[in-house]
Amino acid sequence: MNYPNPRHLRAFIALAEAGSFSAAAQAVHLGQPALSQAIAGLEEMVGVRLIERTTRSARLTPAGEEFLVEARRVLEANDRLLARGTQWAQAQRGRIELLAIPSMAHRLLPMLVRDFTRTCPEVRVNVHDHPDPVLRQRLERGEGDLAIVTPAHDEGRAMLPFLRDHFRVLLVAGHPLARKPEIDVQELAAEPLILLRRGALLRSYMDVAIGSLQLQHPPLEVDQIGTLVGMVEAGLGVALLPAMGCPTPALRSVVNRPLHQASVHRLIAFALPAAREPMPAVQAFIRDALNSLAVHRDRLPEGCDLLPISASDLRDFFGARPSALAAPQT
């Protein structure tokens with residue numbers, strides 16, 4: 001099926017409104033021969049005469065009057081379509097399926113989504129918080145537009161690290177070590193430790209921190225961070241968690257302290273799905289998030305550092321086409 005050229009429809013509408021070929025040609029910036037060809041082409045396409053021509057004027061036939069109504073409707077729809085496309089291109093409209101590790105989704109993502117939706121109110125952000133392995137599986141299946149993950153060591157520029165998240169010691173508020181501003185990792189050897197079970201991504205970082213210790217108590221292992229915090233709160237032991245995973249100061253029954261002269265940390269990074277160009281709204285979200293974090297540094301959990309990111313880093317990241325995400329190390 002053939003469809004009329006929008007320029008030809010505009011010429012027809014101009015002729016219907018002006019009532020003469022010379023005035024209509026001037027209105028649409030066409031020569032009169034080109035205008036006549038456009039009208040003739042429309043009539044040939046629809047198979048009926050639309051315009052009655054005289055030496056001095058042009059008027060609509062009954063078919064032309066009905067065609068005029070539909071032509072205006074088609075052009076209005078066409079204009080709306082182009083406007084919507086422009087809005088998507090300028091990040092004024094769109095949808096982002098955002099995958100995020102739970103600690104980031106809980107601590108900082110609400111602020112980032114709030115600030116972004118104030119800037120781009122017509123862009124909908126749907127947040128999906130998952131443990132790292134599930135999140136990666138969903139991203140590899142193309143179920144997200146953007147992810148916030150803990151990168152493995154061999155993922156290259158498919159990742160854009162933006163936070164350094166240091167591990168800290170989590171203790172019940174009345175613990176003797178809680179009085180110290182920093183805790184030497186060797187002091188943990190005498191403490192009952194509560195750890196995430198082996199296989200969890202964070203456990204690999206915990207093992208780096210305590211690997212050289214001669215533990216005096218067998219560790220208590222759990223599967224969830226919430227359970228780990230509850231065990232510490234009950235006084236059953238101490239734990240290691242990244243700053244982003246530690247409870248907020250609103251929970252006064254536990255405290256966290258930095259490790260003395262120990263730099264055990266994870267990175268938190270943006271990740272894009274494989275073989276998909278990031279939409280303008282996704283790029284706008286990342287830029288806005290980095291700006292919000294820079295403006296609100298005071299809201300970062302103690303032990304989190306914002307990493308410097310250049311305009312070149314962003315260009316490289318947006319242009320990256322990773323074939324797949326590397327499996328997280330355990």
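The values are calculated or read from the model by the stated rules, or taken from the named source; none is laboratory data. Please read all numbers here as calculations on a predicted model, not as lab measurements. Backbone-built Cβ (ideal geometry, glycine too); neighbour counts: all protein chains shown. The accessibility values were calculated without ligands, DNA or RNA, using every heavy atom of the protein model including side chains. Shrake-Rupley method; radii C 1.70, N 1.55, O 1.52, S 1.80 Å.
For segment 18-41, the count of residues that are surrounded by 13 or more Cβ atoms within 10 Å (Cβ to Cβ), in contact with a Gly (Cβ under 7 Å, 6 or more places away or on another chain) and of a type outside the set (Val, Ile, Thr) is at least one.
In segment 100-120, how many residues are outside any helix (DSSP H, G or I) and modelled with pLDDT of 90 or more?
Taking segment 100-120 first, the residues outside any helix (DSSP H, G or I) are 100-101, 108, 120.
Narrowing further to those that are modelled with pLDDT of 90 or more: 100-101, 108.
So the answer is 3.
So is Asp165 under 29 Å from Ala289 (Cα atoms), under 24 Å from the mean Cα position of the chain (by Cα) and at pLDDT 95 or above or not? Yes; evaluated as a whole, the condition is true for this residue.
Within segment 183-215, restricting attention to residues that are out of contact with any Asp or Glu (no Cβ under 9 Å at 6 or more places or on another chain) and among the charged types (D, E, K, R), the residue that is nearest to Pro133 (Cα to Cα) is Asp207.
Considered as a group, the residues in segment 47-79 that are surrounded by 11 or more Cβ atoms within 10 Å (Cβ to Cβ) and hydroxyl-bearing (Ser, Thr, Tyr) include one that is nearest to the chain's Cα centre (by Cα), and that residue is Thr61. The residue pairs whose first member lies in segment 233-260 and is over 26 Å from Val149 (Cβ atoms), whose second member is crowded, with 21+ Cβ neighbours inside 10 Å and among the small types (Gly, Ala, Ser), and whose beta carbons are closer than 9 Å, counting only pairs six or more residues apart or on different chains, do not exist in this structure.
The selection criterion, being of a type in the set (Asp, Glu), loosely packed, with under 14 Cβ neighbours inside 10 Å and modelled with pLDDT of 85 or more, holds for Asp316.
Kindly indicate whether Ile268 is of a type in the set (Val, Ile, Thr), in contact with a strand residue (DSSP E or B) (Cβ under 7 Å, 6 or more places away or on another chain), open to solvent by less than 10 Å² (accessible area, probe 1.4 Å) and within 29 Å of Asp207 (Cβ to Cβ).
yes
Give the number of residues within segment 187-217 that are in contact (Cβ under 8 Å) with a residue 60 or more places away in the chain and within 30 Å of the chain's Cα centre (by Cα). Going through segment 187-217 one residue at a time, the tally reaches 7. Out of Ala239, Ala234, Ala262, one residue alone is touching a helix residue (DSSP H, G or I) at 6+ places or on another chain (Cβ under 6 Å), among the small types (Gly, Ala, Ser) and modelled with pLDDT of 95 or more. It is Ala239.
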